[in-house]
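Enquirer: Here's a structure for you.
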Amino acid sequence: MPADKAGIIPRLRPRSAFPTQPVSPLNEHPMSTALRPSACPGLLRIVQALDGGICRIKLNGGSISADQADAVADVAEQFGGAIEATNRANLQIRGIGQQSAALIEGLLAAGLGPRTAAADDVRNLMLSPAAGIDRQMHFDTRGLAGQILDTLQSHPRFHELSAKFAVQLDGGEALAMLEHPHDLWLSAFECDGETLLAFGLAGCPTDRAVGAVALEHGHALVVAVLELFLELARPEQTRMRHLLDELPLSAFIGQLSTRLPIKPISHWQRAAVADDLHIGAHPQNTSGRVYIGAVPALGRLDPVMLRGAAQLARQFGNGSLRFTPWQSLLLPDVNAGDAVQVLEGFQRLNLQTRAGEPLARLIACTGSNGCGKGLADTKQDARLLATLLPAALNIHLSGCPRSCAAAHCAPVTLLAVNPGHYDLYFRDATLPGFGALHARNLTIEAVATLLATRSRSPLDA
Ligand code: SF4
């Protein structure tokens with residue numbers, strides 16, 4: 001469709017309310033009748049997979065209280081199967097049988113649900129897992145995040161956003177996921193003694209920012225961007241990148257700048273982050289306090305592990321846990337003197353606490369064991385690979401090209417082609433997708449051998 005003179009593409013037809021019908025026979029809970037159809041699981045929308053239903057629990061800033069973690073463990077034990085930490089710092093329960101309504105009821109009773117059924121899908125705001133406690137942060141993002149989440153849930157217009165439409169609020173923390181693309185990202189920095197928020201569309205804070213706003217305009221910026229997106233995008237343009245495929249970025253920003261003051265930005269660059277701050281003990285911004293990061297192998301927990309982590313949070317932390325985009329968890333506010341006990345506690349629960357352990361660095365999607373699209377049992381193959389690797393490497397095993405386990409490109413990707421066999425890719429910033437195809441149809445043993453011979457080369461950024 002041609003753009004008008006201002007580069008703005010008129011909308012062909014208004015967005016209408018989504019049809020209200022359940023999408024799965026498992027949707028038995030009364031609140032689910034107010035849901036729109038979507039392939040994405042939600043807390044109220046149980047989506048069927050090979051291994052049963054999937055319920056996704058969206059966590060505010062990845063945070064969950066110990067009591068809520070116990071509730072998740074309880075309902076998973078009674079009505080479901082595995083608990084998974086997702087790469088959006090949420091949790092999901094797999095393997096749900098016919099008692100999905102009871103499972104949903106248990107999660108709602110624990111305060112893990114949305115304010116209204118229609119608000120569940122839009123709770124997509126990513127923070128650093130170390131928000132408010134990170135030594136490098138420019139400001140504590142949790143207050144602004146609360147405002148944004150409140151608006152997303154209470155503003156019916158925003159319930160029209162895709163369940164995948166997501167915002168990142170980066171406070172400049174050292175512990176930050178900067179590789180996951182978001183429809184809108186904001187990143188704090190200091191300029192002449194003032195904290196500003198750089199922002200960009202359809203990308204990451206490591207991309208070039210398109211402008212900046214004063215910190216007090218952060219909430220207004222999010223509202224303005226989302227409203228403008230909904231005004232300009234046609235219904236089938238569900239993500240910001242779809243709109244920007246047709247509409248020049250300058251036209252979007254031109255429209256946006258009529259709604260709030262936007263500062264031009266030229267030389268800002270997001271500070272780099274370390275690779276392994278989500279694993280092990282790390283100092284917080286308060287003297288004598290540390291947070292402890294622990295990785296459940298391949299993002300999977302059982303109820304005993306989750307209850308055990310919750311108990312550690314009660315005993316040594318502030319009674320809460322935070323989940324991370326590395327499919328791991330973090331226990332904040334531990335006295336530095338208790339760090340060893342907490343690390344040992346996680347190890348007893350079979351969580352990885354050392355960055356050098358291969359299983360702490362591998363990620364794998366559900367694979368053929370639970371997903372109909374999977375061409376190989378990625379989780380089992382990842383466990384085998386971990387026993388064969390010469391060193392810990394950041395490797396992603398994907399059962400098909402959809403790449404559910406990773407929103408970013410890993411340094412090494414194994415893409416399943418048939419059971420036990422994978423194509424091997426190395427990340428290449430000049431190439432889209434998984435990077436450069438290095439070898440085809442390798443067994444796990446062959447992958448391990450090949451990586452061993454390359455182990456002296458800098459594969460793992
Ligand atoms: S990446 Fe493919 S095989 Fe793996 S969980 Fe997603 S859809 Fe299934």
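Enquirer: Give me the net charge of Gly420's neighbourhood, meaning all other residues with Cβ under 11 Å from the Cβ of Gly420; Lys, Arg count +1, Asp, Glu -1.
Expert: Numbers: positive: none; negative: Asp377, Asp381, Glu445.
That works out to -3.
Enquirer: Sticking with this one: Nearest 500 deg cm²/dmol is fine: what mean residue ellipticity at 222 nm does the chain get from its DSSP H runs of n ≥ 4 alone, each adding -39,500 (n - 2.57), divided by its residue count?
Expert: Numbers: 11 runs with 116 residues, N = 461.
Rounded to the nearest 500, it is -7500 deg cm²/dmol.
Enquirer: Let me ask you something else. Suppose the chain between Leu388 and Asp140 were pulled fully straight at 0.36 nm per residue; how much longer would it get relative to their current alpha carbon spacing?
Expert: Working: separation 248, 0.36 × 248 = 89.28 nm, distance 4.18 nm.
Difference between extended and current length: 85.1 nm.
Enquirer: Which percent of the accessible area of the chain is formed by carbon and sulfur heavy atoms (probe 1.4 angstrom)? Kindly include the intermediate steps, with their values, before the conclusion.
Expert: Values: 9700 of 18510 Å².
That fraction is 52 percent.
Enquirer: Just the number please: accessible area per residue for the chain, 1.4 Å probe, all protein chains included, in Å².
Expert: Details: 18510 Å² over 461 residues.
In whole numbers, the chain has 40 Å² accessible per residue.
Enquirer: Using protein chains only and a probe of 1.4 angstrom, how many square angstrom of Lys263 are accessible, to the nearest 10?
Expert: 80
Enquirer: Here's something else I'd like to know. ³J(HN,Hα) across the range 427-440 via Karplus (A = 6.51, B = -1.76, C = 1.60, θ = phi - 60°), whole Hz, x for Gly/Pro?
Expert: Along the range 427-440, the couplings run 4, 9, 4, 8, 10, x, x, 7, x, 8, 6, 9, 7, 10 Hz.
Enquirer: Out of all DSSP beta bridges with both ends in the range 360-460, state the antiparallel percent to the nearest 5. If you can, show how the numbers build up before the last one.
Expert: Working: 11 of 18 bridges.
Looking only at bridges with both residues in the range 360-460, the antiparallel portion is about 60 percent.
Enquirer: Next question. So what is the relative contact order for the range 360-461, in percent, with contacts set as C-alpha pairs under 8 Å and at least six apart? List each step's numbers first, then the result.
Expert: Values: 212 pairs, mean separation 24.3, N = 102.
Across the range 360-461, relative contact order equals 24 percent.
Enquirer: Within 10 Å, count the other beta carbons around each residue, average over each peptide in 426-438, 237-249, and list them highest first. Intermediate results must be reported in sequence, preceding the final value.
Expert: Values: 426-438: 14.0, 237-249: 17.3.
For the peptides 426-438, 237-249, the packing ranking is 237-249, 426-438.
Enquirer: Roughly how many whole Å is it from the C-alpha centroid of the range 360-409 to that of the range 117-145?
Expert: Centre-to-centre distance over Cα atoms comes out at 28 Å.
Enquirer: Using a/c under 1.5 as the rounded threshold, could you call the range 125-256 rounded, prolate or oblate? The axes a ≥ b ≥ c are square roots of the C-alpha gyration tensor eigenvalues, and prolate needs a/b larger than b/c, oblate otherwise. Don't skip to the end; give the middle numbers.
Expert: Values: a/c = 1.75, a/b = 1.50, b/c = 1.16.
The shape class here is prolate.
Enquirer: Run the paramagnetic zone check for Glu190: 7 angstrom along Cα to Cβ, then residues of the range 128-156 with backbone nitrogen under 12 Å.
Expert: Once the point is set 7 Å along Cα→Cβ of Glu190, 136-139 turn out to lie under 12 Å by backbone N, inside the range 128-156.
Enquirer: Could I ask something else about it? Which percent, to the nearest 5, of DSSP beta bridges fully inside the chain are antiparallel?
Expert: Details: 53 of 66 bridges.
The antiparallel proportion sits near 80 percent.
Enquirer: Quote the relative contact order of the range 280-354 in percent (integer), defining contacts as alpha-carbon pairs under 8 Å separated by 6+ residues.
Expert: Values: 125 pairs, mean separation 30.2, N = 75.
Reported as a whole number, the value is 40 percent.
Enquirer: Shifting gears a bit: Using Cα pairs under 8 angstrom and six or more residues apart, how large is the relative contact order of the chain, in percent?
Expert: Values: 1023 pairs, mean separation 60.4, N = 461.
Answer for the chain is 13 percent.
Enquirer: Tell me, what ³J(HN,Hα) does each residue in the range 111-126 have, in order and in whole Hz, if you take phi through Karplus 6.51 cos²θ - 1.76 cosθ + 1.60 with θ = phi - 60° and put x for Gly and Pro?
Expert: x, 9, x, x, 5, 9, 4, 5, 8, 4, 5, 8, 7, 10, 10, 9
Enquirer: Using 0.36 nm per residue, how much length does the chain from Asn369 to Thr116 gain when fully extended, once their Cα-Cα distance is taken away?
Expert: Working: separation 253, 0.36 × 253 = 91.08 nm, distance 3.37 nm.
Result for the pair: 87.7 nm of gain on full extension.
The values are calculated or read from the model by the stated rules, or taken from the named source; none is laboratory data. All of these numbers come straight from a predicted model, not from anything done at the bench. Cβ atoms come from the backbone with ideal geometry, glycine included; neighbour counts cover every protein chain shown. To get the accessible areas, we keep the full protein, side chains included, count just its heavy atoms, and leave off ligands, DNA and RNA. Shrake-Rupley method; radii C 1.70, N 1.55, O 1.52, S 1.80 Å.
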